[in-house]
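Readers should treat all values here as calculations from the given coordinates under stated rules, not as data from a laboratory. This one's a predicted model, so the numbers in the text were calculated from it and none came from an experiment. So basically every Cβ, Gly included, is an ideal-geometry build from the backbone, and we count neighbours across all protein chains shown.
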Amino acid sequence: MKRLLDRLPGFIFLLIALSALSALALIIVFIFYEGIPIIAKVGLGQFTLGMSWAPGKGEFGILPMIIGTVSVTLGAAALGVPVAILTSIFLTEFAPAAVSRIVRPAIQLLAGIPSVVYGFWGLTFIVPYIRLWIGGPGLSVLAGSVILAIMILPTVISITEVSLLALPRTYKEGSLAIGATQWQTVWSVQLPAARSGIMAAVILGVGRAVGETMAVIMVLGNAVALPESILDPARTLTTNIGIEMGYASGDHQQALFATGIVLLVIVMSLNSIAQATLKRSQR
């Protein structure tokens, strides 16, 4: 009886863990069940590489949305990743304790701000600034990239900081002992040693950017067309689902679920790569 009572908490926790996994499995099964028929009807190549998205005419090509997603995500990474890595270096190596106690909570607070607040701020400040000083309509790939760059900062900073702090102290001490400066030590020793963890942080940040919806809807312009420059409006996979799901039906609704399948595959692939990279870093 005592042995059974000892095992009972573990069994309860196992059931809780399985319930979480079962919820994920149900979501995946539901999305595939709703989306696969339209992919089979239209064809995977035509669906993913088609240029025309006109549900009323039976045309379901999501390539413009894929290109829009890639453009905004790469822009966010280009703007946000250098800032995040440099911030992590500052917090781990250069920041006084008093400054760290202020900056770290502030960065964590960024992760808790609702995405609609980011979108409203971008619509109020970023979009008019781009329209006035850079050009174009303001609602653009650039505006979406700026907003997403800010939103991925907490993820990339926190994981990069953990990766740098996890390095053996002998790396830093050995470099300083042979006469290297603190910055030379960071640049030539610590960053290369933490490369796998930093890459995982970047991949997870990119995954966060790919899956964002509300903020991007508000600042991207949502034009179903290939963007020719960063000042053109675009539409991402997530915004396409968010905008049209409320009134879609029939093949149109199934096409949106199929878009969700493509998005799910992209995000899960990025997360798998990040996890594998983290495991490599730990080894």
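Calculate the all-directions average of the projected area of the stretch 1-53's alpha-carbon convex hull, and give it in nm².
If I average the Cα hull's projected area over directions, I get 5.4 nm².
Stick to the Cα atoms of the stretch 172-283, pair each with every other, and give me the Kirkwood hydrodynamic radius in Å at one decimal.
For the stretch 172-283, inverting the mean 1/r across all distinct Cα pairs yields 17.2 Å.
What value, in deg cm²/dmol to 500, does the helix sum -39500 (n - 2.57) over DSSP H runs of n ≥ 4 give at 222 nm once divided by the residues of the chain?
That comes out to -23000 deg cm²/dmol.
Given points 7 Å out from each Cα along the Cα-Cβ axis, report the PHE13 to ALA95 separation in nanometres with one decimal.
With each label point 7 Å from Cα toward Cβ, the separation is 3.2 nm.
Once fully extended, how much extra length lies between ILE178 and ALA223, figured as 0.36 nm per residue of separation less the alpha-carbon to alpha-carbon distance?
Roughly 10.5 nm would be gained on extension.
Would you mind calculating the relative contact order of the stretch 53-282 from Cα pairs under 8 angstrom and at least 6 residues apart, reporting the percent as a whole number?
30
With only alpha-carbon atoms in the gyration tensor, what are the semi-axes of the equivalent ellipsoid for the stretch 53-282, in Å, largest first?
38, 20, 14
Check which residues have an amide H placed less than 5 Å from GLU59's amide H, if you skip close sequence neighbours.
ALA54
Would you mind calculating the gained length between VAL116 and ALA20 on full extension (0.36 nm times residue separation, minus the Cα-Cα distance), in nm to one decimal?
Between VAL116 and ALA20, full extension yields 31.9 nm more.
Modelled label-to-label distance, SER272 and HIS252, 7 Å Cα→beta-carbon offset: nm?
It works out to 3.4 nm between the two label points.
When the Cα centres of the stretch 136-174 and the stretch 25-56 are compared, how far apart do they sit, in Å?
Taking the Cα centre of each part, the stretch 136-174 and the stretch 25-56 sit 33 Å apart.
Calculate, for ALA166 and ALA40, the FRET efficiency according to 1/(1 + (r/R0)^6) with r their C-beta to C-beta distance and R0 51 Å; round to the nearest 0.05.
0.60
If we restrict to alpha carbons, what Rg and Dmax does the stretch 20-168 come to, in Å?
For the stretch 20-168, the Cα-based Rg and Dmax read 20.5, 62 Å.
Between TYR129 and ALA54, what is the spin-label point distance in nm, taking each point 7 Å from the Cα along the Cα→C-beta axis?
3.9
Just going by the charge dipole of the chain, with Lys and Arg at +1 and Asp and Glu at -1 on Cβ, which of SER88, GLY10, PHE30 is farthest out on the positive end?
The residue sitting most towards the positive pole is GLY10.
Of ILE241, VAL117, GLY68, which is farthest along the charge dipole of the chain in the positive direction, counting Lys and Arg as +1 and Asp and Glu as -1 at C-beta?
In the chain, that residue is VAL117.
If you put +1 on each Lys and Arg Cβ and -1 on each Asp and Glu Cβ, how big is the dipole of the stretch 53-282 around its Cα centre, in Debye rounded to 20?
With Lys and Arg at +1 and Asp and Glu at -1, about 580 debye.
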